[in-house]
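Asks: I'd like to ask some things about the structure below.
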Amino acid sequence: MLLLVACLLVASTYMHTVEACCCMPEKFELHEYVEDVFTWPFASIQTGYANISFDLKVKKSVFFFYDVKKNGKDVPTPTYLFDHSSGFLYVYDLRSKYCKKLPTGKMSPVCVPAYKSTYITDLGAAKDMISVKIYQSTSGNQTTITTVTKEKCYLISSELYDSEYPTSLRTQFYGTTLGIKDPSVFKIPAICKKIFWNTQEIPEVHRRGFHPFYL
């Protein structure tokens, strides 16, 4: 499965649901670290980082991936630019002058559904302590756990475990800021403007989605 798969967010379709308990702001930017571990049918670990800009009002989001490694080896990873206002996704790599244009669906807010199990706890200590909500739910052989700030529902981490095929997907979110600092991040690269349709294969990064916004 491609890194995109619906992008997102994987293994946790939990970020897209009608019945949600809380949602991220309409405009935000954050950094993400992902660690995906497989133990069957062979041992494998993939890690990577992403800078994410998300703007529900203009219906655009972009995922700049970097330092993606599989079993310690570098994995070439393109940038994913979603332009829901025009209905297209651009997958590109400026270094290799590669771009693929694909149709994309409706943009939804980043929300956490009302899980079966919810509890509140604190992180840190003393004046630096923050209250968080932890949501946990099990469906079949998969268990998902999502942690957000209690007050504003800012994402802190997400985890997915599969008991049938012992695997785990852990994501940490940090450096969250509100608004979009530089709107040019949503600018379509020149190499993509000349492309109408491209049947070229998107470089494979993972057998399942690699981040939580577009599964």
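Asks: What strands (runs of 3 or more DSSP E) lie completely within region 37-93 and have 2 or more residues being crowded, with 16+ Cβ neighbours inside 10 Å and over 16 Å from the mean Cα position of the chain (by Cα)? Give the derivation first.
Replies: Working: elements: 44-55, 60-70, 79-83, 88-93.
In region 37-93, 88-93 are the strands (runs of 3 or more DSSP E) which contain 2 or more residues that are crowded, with 16+ Cβ neighbours inside 10 Å and over 16 Å from the mean Cα position of the chain (by Cα).
Asks: Among the hydroxyl-bearing types (Ser, Thr, Tyr), within 30 Å of residue 38 (Cβ to Cβ) and modelled with pLDDT of 90 or more: does that describe residue 171? Give the derivation first.
Replies: Values: among the hydroxyl-bearing types (Ser, Thr, Tyr): yes; within 30 Å of residue 38 (Cβ to Cβ): yes; modelled with pLDDT of 90 or more: yes.
Yes; evaluated as a whole, the condition is true for this residue.
Asks: What are the pairs, 6+ residues apart or on separate chains, where a residue within region 124-143 that is among the aromatic types (Phe, Trp, Tyr) has its Cβ under 6 Å from a residue that is part of a strand (DSSP E or B) and open to solvent by less than 50 Å² (accessible area, probe 1.4 Å)?
Replies: 135/112; 135/146
Asks: Which members of region 94-132 meet the condition of being in contact with a Cys (Cβ under 8 Å, 6 or more places away or on another chain) and not in a strand (DSSP E or B)? It would help to see each step written out before you state the result.
Replies: Narrowing region 94-132 to residues in contact with a Cys (Cβ under 8 Å, 6 or more places away or on another chain): 99, 101, 109-115, 118.
Those that are in contact with a Cys (Cβ under 8 Å, 6 or more places away or on another chain) and not in a strand (DSSP E or B): 109, 110, 114, 115.
Asks: Looking at region 174-208, which of its residues are within 30 Å of residue 45 (Cβ to Cβ), of a type outside the set (Lys, Arg) and modelled with pLDDT under 90? Please lay out each step first, then the result.
Replies: If we filter region 174-208 for residues that are within 30 Å of residue 45 (Cβ to Cβ), which is where we start, we get 174-177, 185, 200-208.
Keeping just the survivors that are of a type outside the set (Lys, Arg) gives 174-177, 185, 200-206.
Listed by number, the residues that qualify are 200, 201, 202, 203, 204, 205, 206.
Asks: Starting from region 24-38, keep only residues that are touching a residue at least 24 places away in the same chain (Cβ under 8 Å) and of a type in the set (Ser, Thr, Tyr), then list their pairs with residues that are part of a strand (DSSP E or B) and open to solvent by 40 Å² or more (accessible area, probe 1.4 Å) whose Cβ atoms are within a distance under 8 Å, requiring at least 6 positions of separation or different chains.
Replies: 33/49; 33/172; 33/174
Asks: I'd like the full set of residues that are over 19 Å from residue 78 (Cα atoms), modelled with pLDDT of 90 or more and open to solvent by 60 Å² or more (accessible area, probe 1.4 Å), limited to region 5-36.
Replies: 26, 27
Asks: I'm trying to understand the selection: among the residues of region 118-135, which are in contact with a Phe, Trp or Tyr (Cβ under 9 Å, 6 or more places away or on another chain) and open to solvent by 50 Å² or more (accessible area, probe 1.4 Å)? Before the answer, list the steps.
Replies: So the first thing to find is which residues in region 118-135 are in contact with a Phe, Trp or Tyr (Cβ under 9 Å, 6 or more places away or on another chain), and the list is 118-119, 133-135.
If the condition is that a residue be in contact with a Phe, Trp or Tyr (Cβ under 9 Å, 6 or more places away or on another chain) and open to solvent by 50 Å² or more (accessible area, probe 1.4 Å), then 118, 119, 133 are the ones that fit.
The values are calculated or read from the model by the stated rules, or taken from the named source; none is laboratory data. Keep in mind that what you see is a predicted model, and the values were worked out from it rather than measured. Cβ coordinates were reconstructed from backbone atoms using ideal geometry, including for glycine residues, and neighbour counts include every protein chain displayed. Surface accessibility is based on the protein's heavy atoms, side chains included, excluding ligands, DNA and RNA. Shrake-Rupley method; radii C 1.70, N 1.55, O 1.52, S 1.80 Å.
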